[in-house]
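**Student:** Before I ask anything, here is the structure I am working with.
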Amino acid sequence: QVQLVESGGGLVQAGGSRRLSCAASGLTFSRYSMGWFRQAPGTEREFVAAISWSGGAPLYVDSVKGRFAIARDNAKNTVYLYMRSLKPEDTAVYYCAADRSTIATNGDDIDYWGKGTLVTVSS
């Protein structure tokens, strides 16, 4: 059974930093592209970042470029999202995603999803 378990969410002040982790099990992690999406209350799910199976070719939504970084450790079956200079508009539930192919930025046909971790950025 595949599981993606996010952690690291919580309350952080604007301008602060946070690291999210997603631990994967039940799949051959190194063969999957990984991504992060987020959903704020009353909004649609939004693509945040993605990384290929090898760790190359990171992709980011424009609103987080220069502030967020995605990384993976295939030895630990874990993908990370490093967030800095956080803004109140970054407040959302952050979801981890895994796909055997490329992570679709519209979130369609993603193989596996985590249950999410809430990040709240206070002003």
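The values are calculated or read from the model by the stated rules, or taken from the named source; none is laboratory data. Remember, predicted model here, so these are calculated numbers, not experimental data. Cβ sites come from the backbone with ideal geometry, for glycine too, and all protein chains shown count toward neighbours. These accessible areas exclude ligands, DNA and RNA; they are computed on the full protein's heavy atoms, side chains included. Shrake-Rupley method; radii C 1.70, N 1.55, O 1.52, S 1.80 Å.
**Student:** Testing the spin-label approximation: label points 7 Å from Cα along Cα→Cβ at Ser30 and Ser101. State their distance in nm.
**Tutor:** 2.4 nm
**Student:** Give me the percent relative contact order of the chain, please, defined on Cα pairs under 8 angstrom at least 6 residues apart.
**Tutor:** 35 percent
**Student:** Points 7 angstrom from Cα along the Cβ direction at Ser63 and Ser17: gap in nanometres?
**Tutor:** 2.3 nm
**Student:** Another question about this same structure. Projected onto the charge dipole of the chain (+1 at Lys/Arg Cβ, -1 at Asp/Glu Cβ, origin at the Cα centre), which of Gln1, Leu27, Gly15 gives the Cα projection farthest towards the positive end?
**Tutor:** Positive-end residue among those listed: Gly15.
**Student:** Please compute the per residue accessible area over region 1-61 with all protein chains in place, 1.4 Å probe, rounded to a whole number of Å².
**Tutor:** Result: 52 Å² of accessible area for each residue.
**Student:** What figure in square angstrom, to the nearest 10, would you give for the accessible area of Val79 with a 1.4 Å probe?
**Tutor:** Solvent-accessible area, nearest 10 Å²: 0 Å².
**Student:** Sorting check: for 44-51, 86-93, which peptide has the highest mean count of neighbouring beta carbons within 10 Å, and how do the rest follow?
**Tutor:** 44-51, 86-93
**Student:** Leaving out ligands, DNA and RNA, what percent of the accessible area of the chain is carbon and sulfur, probe 1.4 Å?
**Tutor:** That share works out to 47 percent.
**Student:** Just reorder Tyr82, Tyr60, Tyr94 by solvent-accessible area, largest first, 1.4 Å probe, all chains present.
**Tutor:** Tyr82, Tyr60, Tyr94
**Student:** Which far-off residues, 5 or more places away or on another chain, put their amide H under 5 Å from the one on Tyr112, with H placed in the peptide plane?
**Tutor:** Here the answer is Ala98, since their amide H atoms fall under 5 Å of that of Tyr112.
**Student:** Quote the charge dipole size of the chain about the Cα centre in Debye, to the nearest 20; the model charges only the Cβ of Lys and Arg (+1) and of Asp and Glu (-1).
**Tutor:** Rounded to the nearest 20 debye, it is 440 debye.
**Student:** What does the accessible area of Ser17 come to, in Å² to the nearest 10, when a probe of 1.4 Å is used?
**Tutor:** 80 Å²
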